[in-house]
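First up is the structure itself, then whatever we jot down about it.
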Amino acid sequence: MAHEILRIQKTYGRDSFAIVSTGQLLTEEFYTLGKPARGCIGTNNYDGNTTLCMSSAVSGYKRSFGSDGPPGNYKDFEHTDCLIAWGSNLPEQHPIIYWRMKEAQEKRNFPLIVVDPRVTMLAQNADMHLAITPGTDVVLQNALMHVILDEGLEDRDYIAANCADFELMEKEVQKYDPVSASKICGIDEDTIRNVARLYANADAAMSIWTMGINQSTHGSDGVVGINNLNLITGNIGKAGGTSLSITGQCNAMGTREWSSCSGLPGYRVLEKPEDSEEIDKFWGIDAEFFPKQRGLTETDIFPAIETGQIKGLWLIATNPMTSMANTERIRKTLEKLDFLVVQDSYADVETTQYAHLYLPAATWAEKEGVFTNTERRVNIVRKVTDAPGESQADLWIFNEVAKRFENGSKIKFPQALSDVFDEMCELSKGRLLDISGMSHDKIEAQRGIQWPYTSEEADRGVEPPAGGKRLYTEAGTFRYADGKAKLIPLPFIDNNEVPDDDYPLWLNTGRLVEHFHTRTKTGKVGNNKYSPIPFMEINPDAAQELGIVHSEYVRCISRRGDAVVMAMCTQRVPENMIFIPFHFHDCVNRLTLGLLDPHSRQPAFKQSAVRVECVEDQQATAQMSMEMRGF
Ligand SMILES: Nc1nc2c(c(=O)[nH]1)N[C@H]1C(S)=C(S)[C@@H](COP(=O)(O)OP(=O)(O)OC[C@H]3O[C@@H](n4cnc5c(=O)[nH]c(N)nc54)[C@H](O)[C@@H]3O)O[C@H]1N2
Ligand SMILES: Nc1nc2c(c(=O)[nH]1)N[C@H]1C(S)=C(S)[C@@H](COP(=O)(O)OP(=O)(O)OC[C@H]3O[C@@H](n4cnc5c(=O)[nH]c(N)nc54)[C@H](O)[C@@H]3O)O[C@H]1N2
Ligand SMILES: [Mo]
């Protein structure tokens with residue numbers, strides 16, 4: 001592997017070898033991967049699949065507050081007086097968080113407002129469901145703020161003490177009166193006014209969101225819009241008032257904090273020389289070796305393979321053949337690579353077909369380490385069983401790869417996991433994500449600890465609280481130099497692929513409770529029985545018009561390709577939309593376009609246009625479909 005990487009780099013330059021990692025390793029592993037990636041191989045083109053998932057949240061937090069890091073926590077559900085859930089389906093995708101939210105709601109009966117084009121399980125349980133036109137959340141957010149400012153419901157004291165650029169934002173928001181906005185976002189003007197008043201008049205109001213916001217060409221803006229709304233109503237850093245991004249992958253937070261994907265460990269950035277110097281001293285590498293700025297994101301790495309700029313790729317715990325938009329395009333890029341390494345817990349992942357080298361990796365519970373969750377709580381998973389066959393923990397693989405490069409001899413590689421964690425603690429001192437008061441044993445004893453928890457607190461004998469820790473509780477503590485959060489104007493330009501005469505239906509995509517992602521795990525266990533084959537949700541009226549019968553196979557066609565799915569007639573989707581879960585290989589991502597957000601480079605997985613055709617020979621199609629799914 002090292003030989004091939006060096007050969008490619010020698011011929012085509014250091015950045016011609018790219019690395020794409022994940023949100024699913026242990027945090028110590030993310031941190032350790034930084035050593036071979038940034039310190040030894042030294043490519044600038046290293047990113048994570050979190051670009052498909054959380055990068056809009058990261059980008060939005062950074063733009064508003066000057067740093068990543070969700071300011072709230074789960075206890076906020078117990079204090080809030082109004083909750084908006086934007087494009088988030090908690091009961092299916094985050095059942096445990098849902099249960100906490102539901103328990104809090106039953107006790108205090110705060111209004112729950114769900115913004116989602118689909119009648120999700122959460123929408124069914126909501127007080128108000130706002131079935132928004134796909135991709136237009138920013139328009140609704142601007143209109144809500146328009147009403148709040150128009151009626152003087154904003155928190156002037158909070159804004160004066162905490163926010164910069166109010167006038168800039170106010171000027172943009174003035175353009176979004178509820179009548180004009182309703183024509184774009186599909187929510188009627190009275191509902192916009194009601195929700196604005198409810199949110200602004202609540203003692204404490206909070207917003208949560210997930211992929212309905214992030215996976216959009218306005219993903220980063222949608223996050224900033226939520227932050228704007230909370231800032232002007234004084235709902236950041238207070239009990240029950242927050243912008244809480246519900247995290248996607250189990251350790252998407254860990255990779256944001258400690259990997260070197262978008263910069264260097266501990267929320268450090270490549271663009272700041274002092275950050276590079278700190279890491280270079282700690283790792284024993286010459287700072288000159290580090291790139292001076294962030295390189296390509298995952299969604300830009302694949303097009304760079306197309307153009308021949310990138311020749312080699314190391315994929316770690318991600319399966320782009322199923323999870324990225326426009327499968328055919330991805331297939332061609334993988335075929336074009338001189339050298340592809342796939343490091344995965346399962347040999348049969350679709351992407352491995354294109355690999356020149358496969359590295360079998362252990363998975364959680366076969367190894368030990370920490371994860372960080374949505375509310376910045378660091379928790380530990382212990383090893384309960386040995387990894388099968390020749391597979392090794394990712395940590396071991398990263399250390400072994402690093403040693404085969406020149407710089408590898410300069411870096412120290414603690415073998416014991418707790419020693420790796422100690423390195424992270426040391427590097428976290430004095431930073432926003434200070435974890436220096438933590439240790440593996442303490443984390444286990446406390447059943448998880450929220451950061452920040454500093455070594456000074458630990459030395460003084462201050463026990464970490466069981467929960468409820470927030471960021472930005474004091475005025476002027478935002479991470480911009482002036483301590484203020486930025487209110488950012490959000491002009492809306494509709495750049496989506498929208499339905500037209502040839503492709504008259506919205507294609508919405510997302511998840512099912514029965515499956516996790518590309519089914520490398522849930523496709524092999526009992527879950528598969530409950531959702532064995534790909535299907536599309538279609539409105540019964542639309543189905544009737546197209547001559548489609550419930551439970552028959554149909555063909556969906558977009559400008560990129562086609563996919564065969566079973567028709568499921570349901571009122572969950574409106575007449576102009578179908579919904580297809582993304583878990584199945586050679587299915588919905590053959591259809592998706594995946595236009596990118598300009599700030600976060602996250603794909604708009606949830607907005608494409610398709611048409612649907614009946615399939616004549618049902619029996620042959622059924623057989624083909626079953627065979628494709630391994631029945
Ligand atoms: N069972 C299970 N749980 C999971 C996962 C899994 O695969 N399976 N994956 C995990 C991961 S990595 C993630 S990222 C999370 C994702 O969790 P969620 O984001 O909650 O799940 P999704 O189904 O992707 O999308 C949520 C909703 O966004 C809506 N949506 C589509 N377009 C728009 C829009 O324009 N505006 C708004 N407001 N909403 C829109 C969709 O209709 C959908 O109901 O789930 C995590 N939890
Ligand atoms: N159309 C559409 N597409 C989407 C989405 C959508 O909503 N709609 N959602 C997007 C989102 S939010 C996400 S997060 C992505 C997810 O996309 P991927 O990350 O590509 O999907 P996973 O199936 O989670 O892939 C993780 C891989 O890691 C392996 N693995 C698990 N544990 C370990 C480990 O400990 N070590 C190693 N080395 N390997 C391991 C698994 O076997 C699996 O092959 O999909 C994105 N794609
Ligand atoms: Mo995700």
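The values are calculated or read from the model by the stated rules, or taken from the named source; none is laboratory data. If you're wondering where the values come from, they're calculated on a predicted model, not measured in any experiment. Because the Cβ atoms are built from the backbone with ideal geometry, glycine has one as well, and the counts that use them run over all protein chains shown. Only protein heavy atoms, including side chains, enter the accessible area calculation; ligands, DNA and RNA are left aside. Shrake-Rupley method; radii C 1.70, N 1.55, O 1.52, S 1.80 Å.
How much of S182 can a 1.4 Å solvent probe reach, expressed as accessible area in Å² and rounded to 10?
Spelled out: S182, probe radius 1.4 Å, area about 20 Å².
Placing unit charges on C-beta atoms (Lys and Arg positive, Asp and Glu negative, everything else neutral), compute the dipole magnitude of the stretch 55-246 about its Cα centre in debye, rounded to 20.
440
Could you sort out which of K10/K412; K75/K107; K272/K412; K10/K272; K332/K529; K171/K484 sit more than 21 Å apart by Cα distance in this structure?
Values: K10/K412 26 Å; K75/K107 13 Å; K272/K412 24 Å; K10/K272 28 Å; K332/K529 32 Å; K171/K484 19 Å.
Cα-Cα > 21 Å for K10/K412; K272/K412; K10/K272; K332/K529; rest within.
Note down the nm distance, to one decimal, between modelled labels 7 Å out along Cα→Cβ at A445 and at K412.
2.5
Along the charge dipole of the chain, Cβ charges K/R +1 and D/E -1, which of L229, S418, A543 sits furthest on the positive end?
Towards the positive end, the residue furthest out is S418.
What's the center-to-center distance, using Cα atoms, between the stretch 443-466 and the stretch 544-607 in Å?
Their Cα centres are 46 Å away from one another.
So for the stretch 505-628: antiparallel DSSP bridges make up what percent, rounded to the nearest 5?
60
For the stretch 505-628, what is the accessible area per residue in Å², given a 1.4 Å probe and the full set of protein chains?
42
Efficiency by 1/(1 + (r/R0)^6): what FRET value for N201 and K292, r their Cβ-Cβ distance, R0 = 51 Å, to the nearest 0.05?
After rounding to 0.05, the efficiency reads 0.55.
Based on alpha-carbon centroids, what's the gap between the stretch 268-290 and the stretch 132-197 in Å, whole number please?
42
Out of all DSSP beta bridges in the chain, what portion is antiparallel? Express it as a percent rounded to 5.
Roughly 35 percent of the DSSP beta bridges within the chain come out antiparallel.
Which whole-number percent is the relative contact order of the stretch 55-246 (Cα, under 8 Å, 6+ apart)? Don't skip to the end; give the middle numbers.
Working: 339 pairs, mean separation 66.0, N = 192.
The value is 34 percent.
According to a simple spin-label model (label point 7 Å from Cα along Cα-to-Cβ), what is the distance in nm between T307 and V179?
Between V179 and T307, the simple spin-label model gives 4.7 nm.
Using the Cα centre of the stretch 55-246 as origin and beta-carbon charges of +1 (Lys, Arg) and -1 (Asp, Glu), tell me which of T136, F166, N125 is placed farthest towards the positive end of the dipole.
The residue sitting farthest along the positive end of the dipole is N125.
Residue by residue through the stretch 549-564, what is 3J(HN,Hα) from phi via Karplus (6.51 cos²θ - 1.76 cosθ + 1.60, θ = phi - 60°)? Round to whole Hz and write x for glycine and proline.
Running phi through 6.51 cos²θ - 1.76 cosθ + 1.60 with θ = phi - 60° gives 9, 3, 6, 8, 7, 9, 10, 9, 10, 10, 5, 8, x, 9, 8, 9 Hz.
Using the Cα centre as the reference, give the magnitude of the dipole from point charges on the C-beta atoms of the stretch 36-132 (Lys, Arg: +1; Asp, Glu: -1; all else neutral), rounded to the nearest 20 debye. Write out the running numbers ahead of the final one.
Values: 9 positive and 10 negative charges, 46 e Å.
For the stretch 36-132, the charge dipole is close to 220 debye.
Rounded to a whole number, what % of the accessible area of the chain do carbon and sulfur atoms account for, probe 1.4 Å?
Of all accessible area on the chain, carbon and sulfur atoms account for 49 percent.
How much length, in nm to one decimal, is gained on full extension between D165 and V462, taken as 0.36 nm per residue of separation minus their Cα-Cα distance?
103.1 nm
For every helix of n ≥ 4 consecutive DSSP H residues, a contribution of -39,500 (n - 2.57) applies; sum these over the chain, divide by its total residues, and give [θ] at 222 nm rounded to the nearest 500 deg cm²/dmol.
My calculation for the chain gives -9500 deg cm²/dmol from helical runs alone.
Kindly report the accessible area of the stretch 55-246 per residue (heavy atoms of protein chains, probe 1.4 Å, no ligands, DNA or RNA), in Å².
Details: 5980 Å² over 192 residues.
Computed with neighbouring chains in place, this is 31 Å² per residue.
Report the extension gain between S455 and R100 in nm, rounded to one decimal, defined as 0.36 nm multiplied by the number of residues separating them, less their alpha carbon distance.
Extending this stretch completely gives an extra 124.7 nm.
Tell me which lysines have Cα within less than 19 Å of K442's Cα, excluding those fewer than 8 residues away on the same chain?
Correct list for K442: K367, K383, K429, K469.
For a Förster distance of 51 Å, can you work out the FRET efficiency between the beta-carbons of D419 and V498, rounded to the nearest 0.05?
Calculated value: 0.40.
Hey, if you put +1 on the Cβ of every Lys and Arg and -1 on every Asp and Glu Cβ in the chain, which of I443, L112, S531 ends up farthest toward the positive end of that dipole?
I443
Report the charge-dipole magnitude of the chain in Debye, nearest 20, computed about the Cα centre from +1 at each Lys and Arg Cβ and -1 at each Asp and Glu Cβ.
Magnitude of the dipole: close to 1000 debye.
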